[in-house]
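The structure under discussion appears below in the form of structure tokens.
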Amino acid sequence: MERHSYAVPQRGPRRGERLNRLVERWSSRLGAGVEEYSFGGFAAGPISLRARNPRSFEDAIEVTEHRITLHGLPESFRGFRVVQLSDIHHGLYLPLQALIDAVEMTNRLKPDLIALTGDFVTYSRAYIEPAAAILGLLRARFGAFAVLGNHDFRVGADEITRALRRERIQVLRNRHVTLRLDGHVLHVAGVDDLGYGADLHRAVHRIPQGAPTILLAHNPAIIRHAARHGVSLVLSGHTHGGQVNLPVVGSIFGRAEEMRFKSGWDRLGPTQIYVSRGIGTVVLPLRVRCPAEIPHLELQPPARVSYPGYAD
Ligand SMILES: [Fe+2]
């Protein structure tokens, strides 16, 4: 995997009418001042509880670019791009405007597929519908696919599933879909959260051994099972990248040993993983040296080896 630089595209000329209507509708339902909730934490900057511009959260969200080589990826999927949104936690700590900005940033990347890796809300059912309505504005060539996180199960898994499905977002609850392009396939599987009924065996059932498979799973600890099943790539969240990363002390969240897969790219045996720092926060409305993240992943097959004087 390699990282390369990325310039955030400029904001479009104006927001759509539908967005404006949604914001007005949900802002009034959730109470005045919805814009005033904090969304702390900015790249490598000092502790902060407020975006520099409270009307736009884009400079608080980092788009990170990664090129990932997947063994067995068909040539027709070369350059296939996935954008991941994780741990939105829409609620008091993450206002609707931040989610709108994240959705707009995602759409501007014109992805082939959008992966939503759970924790759409934190505590309250009141935020399910507005979050789903905004996520319904996501656009990708092959669509948006979601799995649920631990918070989603505590708040209402079925209600969140229904709300996302109404917005034409496929919720992968221990199942997979098969994407087809020029006669070749790429499998996208998803599991429920690890503590709430994850069944990887069922999710990948009937996927041929060695077939390229992306697994959406909220908790990165699934990687030990995924590696046994030969999954190519896992996309996870849950850890928030530690959320508060202090000098010397390190991260406040996710210090446990099993949190080896806490942030960014890693691999275990045949399985690669990307763990997003996510968008929202929990416990504290604060991020320190751990900015919100939208990973933008480009897939490619292994490089072809050519031998001088040999033509295949
Ligand atoms: Fe989370």
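The values are calculated or read from the model by the stated rules, or taken from the named source; none is laboratory data. Treat the numbers as computed from the prediction; the structure is a model and nothing was measured. Cβ placement follows ideal geometry from the backbone for every residue including glycine, while neighbour counts extend to all protein chains displayed. Keep in mind that these areas ignore ligands, DNA and RNA; they rest on the heavy atoms of the full protein, side chains included. Shrake-Rupley method; radii C 1.70, N 1.55, O 1.52, S 1.80 Å.
Report the calculated FRET efficiency for TYR123 and HIS201 (r = Cβ-Cβ distance, R0 = 41 Å), to the nearest 0.05.
For TYR123 and HIS201, the calculated efficiency is 0.85.
May I ask you to derive the FRET efficiency for ARG228 and ARG166 from their Cβ-Cβ distance with R0 = 51 Å, giving the value to the nearest 0.05?
The formula returns an efficiency of 0.90 here.
Around VAL155, with a cut-off of 10 angstrom between Cβ atoms, what is the net charge of the other residues, counting Lys and Arg +1 and Asp and Glu -1?
-1
Would you give the gap between the C-alpha center of region 166-238 and the C-alpha center of region 89-106, rounded to a whole Å?
Measuring centre to centre over Cα atoms gives 26 Å.
List the extent of the Cα atoms of region 112-180 along each of their three principal axes, largest first, rounded to whole Å.
Cα spread of region 112-180 along its principal axes, largest to smallest: 37, 25, 16 Å.
Given a 1.4 Å probe and heavy atoms of the protein chains only, how would you sort TYR123, TYR274, largest accessible area at the top?
The residues order as TYR123, TYR274, largest area first.
Rounded, prolate or oblate: which one fits region 84-226, using the alpha carbon gyration tensor with axes a ≥ b ≥ c (rounded when a/c is under 1.5, else prolate when a/b beats b/c, else oblate)?
It is oblate, given that a/c is not under 1.5 and a/b is not larger than b/c.
Report the gain in length on full extension from VAL283 to GLN209: 0.36 nm times residue separation, minus Cα-Cα distance, nm rounded to one decimal.
Contour length minus the Cα-Cα distance gives 22.5 nm.
Hey, what does the equivalent ellipsoid look like for region 154-312, semi-axes from the Cα gyration tensor as sqrt of 5 times each eigenvalue, largest first, whole Å?
30, 23, 15
Give, in nm to one decimal, the length gained when the segment between LEU246 and GLN300 is fully stretched (0.36 nm per residue of separation minus the Cα-Cα distance).
So the chain would gain 15.9 nm between LEU246 and GLN300.
Given a 1.4 angstrom probe, what's the average accessible area per residue across region 85-163, in square angstrom?
I get 27 Å² per residue for this part.
Percent of accessible area on region 145-254 owned by carbon and sulfur, 1.4 Å probe?
50
Give me the accessible area per residue for region 166-282, probe 1.4 Å, as a whole number in Å².
Heavy-atom accessible area per residue stands at 44 Å².
In whole Å and largest first, what semi-axes does the C-alpha gyration tensor of region 184-237 yield when each eigenvalue is scaled by 5 and square-rooted?
18, 11, 10
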